[in-house]
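The values are calculated or read from the model by the stated rules, or taken from the named source; none is laboratory data. What you see is a predicted model, and the numbers here were worked out from it, not measured in a lab. Glycine gets a Cβ as well: all are built from the backbone with ideal geometry, and neighbour counts include every protein chain shown.
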Amino acid sequence: MLISERIQPSRILDLIGNTPLLRLSGLERDVPGVEIYAKAEWLNPGGSVKDRAAARMVAAGSHLLAQGRVLLDATSGNTGIAYAMLGAADQFPVELCLPANVTVERKRILQAYGATLVLTDPLESSDGAIREARRRFAVHPDRYYYPDQYNNPANWLAHYETTGPEILAQTSGRLTHFVAGLGTTGTFTGVARRLREYNPAIRFVSVQPDSPFHGLEGLKHMDTAIVPGIYDPALADEDLRVGTEESYAMVRRLAREDGLLVGISSGAAALACLRVAERARAGDAVVTIFPDGAAKYLSERFWEERD
Ligand code: PMP
């Protein structure tokens with residue numbers, strides 16, 4: 001009897017989600033009495049939180065992909081990596097528009113999975129990539145499946161249906177604050193909608209870069225960016241702004257004090273958690289999302305700086 005007749009091997013899709021919730025004991029030393037937790041999203045098979053949204057958007061377009069259409073989208077990297085991984089696993093073509101200045105590690109990963117890259121003007125950042133994807137789709141609407149992660153409800157629904165319930169289960173529903181960075185806003189929107197239904201007393205804090213020119217890859221400065229259609233600012237009780245340098249410093253601190261090699265937006269999220277925790281009451285529990293790990297950012301200079 002063949003092994004395949006006896007066992008049910010895991011598919012890549014099965015490995016997405018159900019990430020651990022980590023306690024950030026190092027950070028907690030600054031805020032005695034308050035607990036801080038983060039979802040370790042880099043443990044998804046594509047290395048980021050975006051596997052969740054990409055999987056749901058791919059599923060929503062599976063009939064088009066089965067007809068041979070090319071999956072096209074604009075992405076600052078992580079959604080692209082997730083699409084490219086799923087495209088390789090399910091054998092559909094993937095074409096991604098992304099700013100030319102994304103890190104070399106990101107481009108290498110996308111190429112390794114076999115995706116086609118369309119590099120856009122770095123000065124236009126992710127908005128330039130969005131405009132290019134729209135242009136391509138307008139010219140050849142029949143060639144592509146264009147999920148458009150900024151405007152696709154499947155993006156936030158992935159978090160409403162998976163990340164939110166996981167957080168409730170892992171905390172026994174006893175969190176008091178939820179903090180998350182805003183990119184497409186899918187993570188914040190989906191989790192906040194789910195948690196608010198469960199307990200309207202939970203406070204929701206969104207996190208943005210404090211200036212249009214920032215190094216917080218994956219996050220958007222909403223005042224100056226193309227605002228995602230799925231963004232619902234009314235969901236946030238508070239919107240915090242964080243700086244690039246202080247986020248880099250937090251990334252270094254998380255490595256040294258908590259043993260966590262995380263990405264820059266995780267540093268931004270941790271910083272926002274500390275600010276929230278400083279004003280919280282003893283017994284409160286703050287939960288955030290660490291969207292990706294440090295692997296894609298290791299060539300950046302900020303690791304060399306001293307604190
Ligand atoms: N951090 C990183 C590293 C990301 O790639 C993204 C996705 N753009 C986010 C945060 C924000 O997630 P979301 O798109 O769900 O708002």
Within the stretch 69-105, residues assigned to a loop (DSSP other than H, G, I, E, B), in contact with a strand residue (DSSP E or B) (Cβ under 7 Å, 6 or more places away or on another chain) and more than 11 Å from the ligand (Cβ to nearest atom) come out as R69, F92, P93, A100
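Table: residues versus (1) surrounded by fewer than 23 Cβ atoms within 10 Å (Cβ to Cβ); (2) at positive phi; (3) of a type outside the set (D, E, K, R); (4) touching a helix residue (DSSP H, G or I) at 6+ places or on another chain (Cβ under 7 Å).
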residue	(1), (2), (3), (4)
D148	yes, yes, no, no
N155	no, no, yes, yes
T162	yes, no, yes, yes
P165	yes, no, yes, yes
T171	yes, no, yes, no
R174	yes, no, no, no
G183	no, no, yes, no
Top-ranked residue in the stretch 275-298 [being assigned to a helix (DSSP H, G or I) and surrounded by fewer than 20 Cβ atoms within 10 Å (Cβ to Cβ); ranked as nearest to the chain's Cα centre (by Cα)]:
A295
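Residue-by-condition table, conditions (1) at positive phi; (2) surrounded by fewer than 24 Cβ atoms within 10 Å (Cβ to Cβ); (3) out of contact with any Lys or Arg (no Cβ under 6 Å at 6 or more places or on another chain); (4) of a type in the set (F, W, Y):
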position	(1), (2), (3), (4)
R193	no, yes, yes, no
A201	no, yes, yes, no
G215	no, yes, yes, no
M222	no, yes, yes, no
Y231	no, yes, yes, yes
L235	no, yes, yes, no
A268	no, no, yes, no
Test each condition in (1) surrounded by fewer than 22 Cβ atoms within 10 Å (Cβ to Cβ); (2) within 19 Å of the chain's Cα centre (by Cα) for K39 and report the one that comes out false.
(1)
Only one of these is outside the structural domain of M57 (by TED's automatic domain parsing), in a loop (DSSP other than H, G, I, E, B) and over 11 Å from I230 (Cβ atoms): A180, A201, A169. Name it.
A201
Return yes when E300 is charged (D, E, K, R) and away from the ligand (no atom under 14 Å from the Cβ) and no when it is not.
no
Determine which member of the set A55, A40, A60 is away from the ligand (no atom under 12 Å from the Cβ), of a type outside the set (D, E), touching a Pro at 6+ places or on another chain (Cβ under 6 Å) and at negative phi.
A40
How many residues are within 12 Å of the ligand (Cβ to nearest atom), touching a residue at least 40 places away in the same chain (Cβ under 8 Å) and more than 25 Å from T171 (Cα to Cα) if we restrict to the stretch 189-231?
12
Just one of N44, N78 is closer than 22 Å to G293 by Cα and at pLDDT 95 or above; which is it?
N44
Of the conditions (1) in contact with a Pro (Cβ under 8 Å, 6 or more places away or on another chain); (2) within 16 Å of the ligand (Cβ to nearest atom), the single one that L157 does not satisfy is (1)
